[in-house]
Amino acid sequence: MNLSPLQKARYEYSPKLPGMLRNGVAEICVKEGAQTASVADQDKIKELFPNTYGKKEITFVKGTNNAPAKKWVVGVILSGGQAPGGHNVISGLYDALKAADKDNVLLGFKGGPSGLLEDDYVEFTDEFINAYRNTGGFDIIGSGRTKLETKEQFAIVEEVAKKHGLNAIVIIGGDDSNTNAAVLAEYMAAKNTGIQVIGCPKTIDGDLKNEDIEASFGFDTATKTYSELIGNIERDANSAKKYWHFIKVMGRSASHVALECALETQPNICLIGEEVAAKKMSLAQITNYIADSVEKRGNAGNNFGVAIIPEGIVEFVPEFSALIKEINELLAGSKTDEFNALPDWTAKYNFIKAGLSAEAFAVFDILPAGIQQQLFLERDPHGNVQVSLIESEKLFSEMVKSELAKRKAAGTYKGKFAPLHHFFGYEGRCAFPSNFDADYCYSLGYNAFMLISYGYTGYLSKVSNISKPAEEWVAGGMPITKMMNIERRNGEDKPVIRKALVELDGKPFKFFEAHRDEWAVETCFTFPGAIQYYGPSEVCDLTTRTLALEKG
């Protein structure tokens, strides 16, 4: 295999561990904290998780390891979308297993949870692991989005685990995957199988965090990757001085990625979905907000700019959410086939007009024709609008263009508006992990084995104090049930990990809020540049601006 010089160098990078994990597994002991309770719906969560609820938070400290000596056979899966650092979670887990006893075994189940169901696996060796250290992607074993949530699935997993003599399963995933990990742990505990389940917090969206989980892995690398690209576009915009760039970034349910990229690059506009929802902003209000910036800059001779749009922004707009709900009802059941059978868009448009309320149709009718049609593209498995397919960056640039035409006719706008569009998503999911993510992920994996060795189940691998140098990081674990509440999903009440949204009273948003009016009119662009792997620590080991502001 031909390797780039950077690949070769990254294989040789030695990730930094938290101080208390650096002395080897023989000198790590447990300090127990207080018992925990779920963030909400305590009685219901306790009823659903009688064997794993209310357990204590734990911290690893230096001391004599008194975990029972035994041979460990552990299974690991990668679940959900890719995030930089997944390979290092597996590397850290493998190294900790082998440090405890060279005869311990790590099996990687391929293609996500389906690998467990289909018994499709590989046994890791030094040679196998060494080819993936400190690299991006999930290609070591692949990932998948199959959910482990039914008793029938759990029974198959139990059978496969017993066949291989598994003592534990590590699930590396986001909020849904770790919810499934908690349910699987409860099943295994209730049946007294002796099979432990540990989760690791992954998602580039940044919405798997709370007072215990300071950051999900991959967020650092992904936002640094997007910020480099946005900075490059800002430089280009400031050079050509004739384009407005509308850039959509990842973040379906929360705007953490957009906010972090804005803090890194200081664009003219950044929409924050949580603020749009809190202020009940309409499409027209958002359009006017962007158009105001374009007008002021254009009238000053600056016919260029950059606007960052979070992927899920339209779901935060109350009138748009109401429209989507009505469309979902309109096309329920056999109505989808009836709609698809109509001969052309005119007939479909009339069908829509007849089926929507006057309020919903008024919103629908102001949308550009291309966006109208995107709302009626292929449905998701539940028959709903696939919001992620809506090109919101084009939606707002088209609406701004129409608004500016009115202002030009009225004589208030004298500039020129030429929009360009970008979507940064896959570009960040499999990037070479930053030093921070390489270190953090390796620590999460190493720490996961420590949780297993001390008999914990239904816990999330936790590494905190991560805004400080790695030597000062604190390793431990928290019960997954502590993060859970009850939400309505597909017509049923389900226990789920609560998603973390951008806090409008939090320091990162407040910093952004204090500066955005200036950024909207002035050219205040900053250029983060490429991720740095070698050089001074203050350049190479930087945390995100979000984390620095939250903990600073």
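The values are calculated or read from the model by the stated rules, or taken from the named source; none is laboratory data. Computed from a prediction, not measured in an experiment: that's the story for all the values here. A quick note on method: Cβ atoms are made from the backbone with ideal geometry, for glycine too, and the neighbour counts reach across all protein chains shown.
Would you point out which residue out of Pro343, Pro368, Pro318 is within 24 Å of Ala254 (Cα to Cα), surrounded by fewer than 19 Cβ atoms within 10 Å (Cβ to Cβ) and not charged (D, E, K, R)?
Pro318
Name the residues in the range 275-307 that are within 19 Å of Ala240 (Cβ to Cβ) and of a type in the set (A, V, I, L, M, F, W, C), would you?
Val294, Ala300, Phe304, Val306, Ala307
As an exercise: evaluate Thr36 against (1) surrounded by 21 or more Cβ atoms within 10 Å (Cβ to Cβ); (2) over 30 Å from Lys163 (Cβ atoms); (3) β-branched (Val, Ile, Thr) and give the number of the one condition it does not meet.
(1)
For the range 434-451, does any single residue satisfy the condition of being under 23 Å from the mean Cα position of the chain (by Cα) and surrounded by fewer than 18 Cβ atoms within 10 Å (Cβ to Cβ)?
no
Looking at the range 478-552, what helices (runs of 4 or more DSSP H) fall wholly within it and have at least 1 residues that are surrounded by fewer than 17 Cβ atoms within 10 Å (Cβ to Cβ) and modelled with pLDDT under 95?
The helices (runs of 4 or more DSSP H) meeting that bar are 537-540, 545-551.
Would you please name the residue that is surrounded by the most Cβ atoms within 10 Å (Cβ to Cβ), looking only at residues in the range 41-96 that are without any contact (Cβ under 8 Å) to a residue 40 or more places away in the chain and among the small types (Gly, Ala, Ser)?
Among those that are without any contact (Cβ under 8 Å) to a residue 40 or more places away in the chain and among the small types (Gly, Ala, Ser), it is Gly63.
For Ala26, are the conditions met, namely being small (Gly, Ala, Ser), farther than 30 Å from Lys499 by Cβ, not assigned by TED's automatic domain parsing to the domain that holds Met450 and not in a loop (DSSP other than H, G, I, E, B)? Reasoning before the result, please.
On the way: small (Gly, Ala, Ser): yes; farther than 30 Å from Lys499 by Cβ: yes; not assigned by TED's automatic domain parsing to the domain that holds Met450: no; not in a loop (DSSP other than H, G, I, E, B): yes.
It is false that Ala26 is small (Gly, Ala, Ser), farther than 30 Å from Lys499 by Cβ, not assigned by TED's automatic domain parsing to the domain that holds Met450 and not in a loop (DSSP other than H, G, I, E, B).
Could you say whether any residue in the range 389-410 is out of contact with any Lys or Arg (no Cβ under 9 Å at 6 or more places or on another chain), of a type in the set (Gly, Ala, Ser), at pLDDT below 95 and outside any loop (DSSP other than H, G, I, E, B)?
No, because not a single residue in the range 389-410 is out of contact with any Lys or Arg (no Cβ under 9 Å at 6 or more places or on another chain), of a type in the set (Gly, Ala, Ser), at pLDDT below 95 and outside any loop (DSSP other than H, G, I, E, B).
Conditions (1) over 27 Å from the mean Cα position of the chain (by Cα); (2) at pLDDT below 95; (3) not in a loop (DSSP other than H, G, I, E, B), marked per residue:
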site	(1), (2), (3)
Leu6	no, yes, yes
Met20	yes, yes, yes
Lys31	yes, no, yes
Gly75	no, no, yes
Ala83	no, no, no
Ile90	no, no, yes
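On the basis of being farther than 30 Å from Pro267 by Cα and either among the β-branched types (Val, Ile, Thr) or touching an Asp or Glu at 6+ places or on another chain (Cβ under 8 Å) (or both), does Val502 make the cut?
No; evaluated as a whole, the condition is false for this residue.
Across the range 181-208, what is the total count of residues that are crowded, with 24+ Cβ neighbours inside 10 Å and among the charged types (D, E, K, R)?
Here the count works out to 2.
I'd like to know if the range 332-342 contains one or more residues that are without any contact (Cβ under 8 Å) to a residue 60 or more places away in the chain, under 31 Å from the mean Cα position of the chain (by Cα) and not in a loop (DSSP other than H, G, I, E, B).
Within the range 332-342 (the criterion being without any contact (Cβ under 8 Å) to a residue 60 or more places away in the chain, under 31 Å from the mean Cα position of the chain (by Cα) and not in a loop (DSSP other than H, G, I, E, B)), the answer is no, since none of the residues qualifies.
I need a count of the residues in the range 109-150 that are small (Gly, Ala, Ser) and under 19 Å from Val74 (Cα atoms).
6
One residue is enough: does the range 256-268 have a residue meeting the conditions hydroxyl-bearing (Ser, Thr, Tyr) and either crowded, with 24+ Cβ neighbours inside 10 Å or touching a Leu at 6+ places or on another chain (Cβ under 8 Å) (or both)? Explain how you work it out, then say what you get.
At the first step, the residues of the range 256-268 found to be hydroxyl-bearing (Ser, Thr, Tyr) are 265.
This time we only want the ones that are either crowded, with 24+ Cβ neighbours inside 10 Å or touching a Leu at 6+ places or on another chain (Cβ under 8 Å) (or both), so: 265.
Yes, the range 256-268 has at least one match.
Scan Lys468, Lys494 and give me the residue that is of a type outside the set (Val, Ile, Thr) and under 27 Å from Gly273 (Cα atoms).
Residue meeting the stated conditions: Lys494.
Can you tell me which residue in the range 1-33 is surrounded by the fewest Cβ atoms within 10 Å (Cβ to Cβ), limited to those that are farther than 24 Å from Gly477 by Cβ and aliphatic (A, V, I, L, M)?
Restricting to residues being farther than 24 Å from Gly477 by Cβ and aliphatic (A, V, I, L, M), the top hit is Met1.
Taking the criterion of being surrounded by 21 or more Cβ atoms within 10 Å (Cβ to Cβ), in contact with an Asp or Glu (Cβ under 8 Å, 6 or more places away or on another chain), farther than 22 Å from Lys394 by Cα and modelled with pLDDT of 95 or more, would at least one residue in the range 235-251 satisfy it?
Within the range 235-251, none of the residues are surrounded by 21 or more Cβ atoms within 10 Å (Cβ to Cβ), in contact with an Asp or Glu (Cβ under 8 Å, 6 or more places away or on another chain), farther than 22 Å from Lys394 by Cα and modelled with pLDDT of 95 or more.
In the range 102-112, how many residues are more than 16 Å from Gly142 (Cβ to Cβ) and either assigned to a loop (DSSP other than H, G, I, E, B) or not hydrophobic (A, V, I, L, M, F, W, C) (or both)?
3
For residues that are farther than 14 Å from Ala83 by Cβ and among the polar types (S, T, N, Q), scanning just the range 124-146, find the one that is surrounded by the fewest Cβ atoms within 10 Å (Cβ to Cβ).
Checked the range 124-146; the qualifying residue surrounded by the fewest Cβ atoms within 10 Å (Cβ to Cβ) is Thr125.
Hey, could you check the range 113-162 for residues that are among the basic types (Lys, Arg) and outside any loop (DSSP other than H, G, I, E, B) and say which is modelled with the highest pLDDT? First the steps, then the outcome.
Residues of the range 113-162 that are among the basic types (Lys, Arg), as a first pass: 133, 145, 147, 151, 162.
Subsequent filtering for residues that are outside any loop (DSSP other than H, G, I, E, B) retains 151, 162.
Working: Lys151: 92, Lys162: 97.
Top of the filtered list is Lys162.
When only residues in the range 126-145 that are touching a residue at least 40 places away in the same chain (Cβ under 8 Å) and of a type in the set (A, V, I, L, M, F, W, C) count, which is nearest to Ser4 (Cα to Cα)?
Residue satisfying both the conditions and the ranking: Ala131.
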